[in-house]
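Below is one structure, written out as structure tokens; comments come after it.
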Amino acid sequence: MSRFILIALFFLFLSTVVRADDKALETYIANFDYDSRLEMKIGSEQLIDLLEDGKAVLVDIRFKEEQQVWGPSFALKIPLNELPARFAELPQDKIIVTACPHKDRAIIAMTYLRSRGIAARYLTDGLIGLAENLRGDDALYFLLNKSGD
């Protein structure tokens, strides 16, 4: 997806989320720095370690139809357009990692969650990268060692 489309989606998201009485997103952006930039990202290898330790939850934010066709069975499935209404379903004691096939919608979801006070991250290599890292023996090892169940 081109950078222009991603930026347009982000501003569309902002126009629907930010209200005159809601300054959390503005505060998050005003305080954004290099540490914030690093903290908002996570790669699939690091995510796999956190999932195995029971410290993170993967949230698949794709459309329902996409989720029904394929996706990780261990992910919490909350489409991006349902995230505000289903916010209470997110555990408060784990790192929330948002994911889609690449990262465009995951960035929007992560930004929304951070504006709500959740230290969320987005999966930098997307669900496609995660699938690459959970193949064969790695998939078996993951299933046998995941303590989040």
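What follows is calculated from the coordinates using simple rules that are stated; it is not laboratory data. Quick caveat: nothing in here was measured; it's all calculated off a predicted structure. Virtual Cβ from ideal backbone geometry, glycine too; neighbours counted across all protein chains shown.
With distances taken between every two different alpha-carbon atoms, region 3-145 has a Kirkwood hydrodynamic radius of 15.7 Å. Going by neighbour counts of Cβ atoms within 10 Å, the residues 86, 114 line up, fewest first, as 86, 114.
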